[in-house]
Amino acid sequence: MEFLSQISLGFIPVLIGIILLYGTYKQVPTYESFVEGGKEGIKIAFSIIPFLVGMLVAITVFRASGALEALMNWIRPVMEAIGVPAEIVPLILIRPISGTAALGMTSDLMAVYGPDSFIGRLASVLQGSTDTTFYVLTVYFGAVGIKKMGDALKVGLLADVVGIIAAIVVVLLVFGAK
Amino acid sequence: MVNYIWVFMTIVGFIFAMINGTMTEVNKAIFDGAKEAVTLCIGLISILVFWLGMMRIAQESGLLEVLSKLFRPLVRKLFPDVPTNHPAMGYILSNMIANMFGLGNAATPLGIKAMEELKLLNGGKNSASRSMVTFLAINTASITIIPTTVIAIRMNYNSASPTEIVVPTLIATIISMLGAVMIDRYFYNRRRRKG
């Protein structure tokens, strides 16, 4: 499984190379386009500050008070029986509901346990591989006025469950448990 | 829903602090949490600027369109109700490609356009058609090639290898995408049997 992390290392430089060469070939003003797109990035980073401040304050309060520990002790035996650290459970629960809240939790887990720990890696893959089902559902259906959702919510949430299980199994296989 | 969870965590935290006598820690946590959040956002700027800059080049050079054409045969199988040259198909494809590259902001308007077209195809009814449910399922389980934000956070916390999670993420997300398609088919067949 070592070669997978090797592919990961080469993946990004190759992708950047393709984008730059293809842009040059198509005579896109590459540098100027890059700068224009980059401005968007600054806007996004600043616009998520309030979301993260709100969520991280709630999480740090929840943890500092000892409430998180109590909750963990309560569900730990169940989760550990299937090989999942209890610390990851809040992230799993919030991921389909709020993207920014999940982002806050992911960064919190990495701050506490380190990005290269099992929990840090699992949080990374979970964050990257699932999407905010409720957000997509509300925005897309809301925008065009769909009132009857049919099976969309059920299908979306079940797909999330598959994604979460897949993330856990893949991280276990690629990086091992520790 | 988030509203309830947010208030719940804060209030339960305060109640626990009263019982456990951890009020000092909780007071400190309020300001630590806020500071941590702002520091994180500042740290995210570098990578967001870089990737959104790259993606703008990919968009303007037509690279995203080339990718859409590549995936057309596959998408035709997923949406048998949508005629091949219908504008909905183009929007669906561009939305999926934008999602793959973590372009959430670019993906959303494309997704909404796709929904509008799908609604027209469905005679403008306000209930979700088969294709709409499929489109949503694929969207929530969309394949991710570059998990930009996650890489940024990992860099921020000094990971030895911030990008080592790219391939595992790709594998996990392909599995969840396949899962979404199968679950969607299952529910579609069930609806059809019920008539």
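The values are calculated or read from the model by the stated rules, or taken from the named source; none is laboratory data. For clarity, every value in this text was computed on a predicted model and none was experimentally measured. Note that we place each Cβ from the backbone using ideal geometry, even for glycine, and neighbour counts take in every protein chain shown. We work out accessible area using only protein heavy atoms, side chains counted, and drop any ligands, DNA or RNA first. Shrake-Rupley method; radii C 1.70, N 1.55, O 1.52, S 1.80 Å.
At-a-glance table
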quantity: Accessible surface, 1.4 Å probe, highest first, among residues B:52, B:118; calculated: B:52, B:118
quantity: Alpha-carbon centroids, region B:57-82 and region A:121-178: separation in whole Å; calculated: 22
quantity: Solvent accessible area, Å² - residue A:36, 1.4 Å probe, full protein context; calculated: 90
quantity: Long-range amide H partners of residue B:164 with built H, under 5 Å; calculated: none
quantity: Buried area at the B-A interface (accessible, heavy atoms, 1.4 Å probe, summed, Å²); calculated: 8000
quantity: Accessible area (Å², per residue) of chain B, counting only protein heavy atoms and a probe of 1.4 Å; calculated: 47
quantity: Under the span-like rule (Cα at least 24 Å along the axis, Kyte-Doolittle mean at least -1.0), DSSP H helices of chain A; calculated: A:2-25, A:30-47, A:152-175
quantity: Threshold 20 Å², region A:101-129 residues less accessible with all protein chains present than alone (1.4 Å probe); calculated: A:103, A:107, A:110, A:111, A:115, A:116, A:121, A:124, A:125, A:128, A:129
quantity: Residue A:89/residue B:72 FRET efficiency (R0 41 Å; Cβ-Cβ; nearest 0.05); calculated: 0.55
quantity: Estimated [θ] at 222 nm from DSSP helical runs (n ≥ 4, -39500 (n - 2.57)) normalised by residues in the protein assembly as shown, nearest 500; calculated: -26500 deg cm²/dmol
quantity: Cα→Cβ-extended label distance, 7 Å offset, between residue A:138 and residue A:24, nm; calculated: 4.6
quantity: Under the span-like rule (Cα at least 15 Å along the axis, Kyte-Doolittle mean at least 0.5), DSSP H helices of chain B; calculated: B:2-20, B:23-60, B:63-78, B:87-100, B:130-140
quantity: P(r) histogram, all alpha-carbon pairs of chain B included - 5 Å bins from 0, percent; calculated: 1, 6, 11, 14, 14, 13, 11, 10, 8, 6, 4, 2, 0, 0
quantity: Anisotropy class of region B:1-62 from Cα gyration tensor, a/c 1.5 cut; calculated: oblate
quantity: Whole-angstrom gap from region B:159-195 to region B:11-25, using each part's C-alpha centre; calculated: 40
quantity: Heavy-atom accessible area ranking, 1.4 Å probe, most first, across B:96, B:89; calculated: B:96, B:89
quantity: Reciprocal mean inverse distance between Cα atoms of region A:1-150 - Kirkwood radius, Å; calculated: 18.8
quantity: Qualifying lysines (Cα of each under 29 Å from Cα of residue A:43; at least 8 residues distant if same chain); calculated: A:26, B:35, B:113
quantity: Per residue value of the accessible surface for region A:7-123 (all protein chains in place, 1.4 Å probe), Å²; calculated: 45
quantity: Sulfur and carbon atoms: percent of accessible area, region B:22-164 [1.4 Å]; calculated: 60
quantity: Percentage relative contact order, chain B, counting C-alpha pairs under 8 Å, at least six apart; calculated: 19
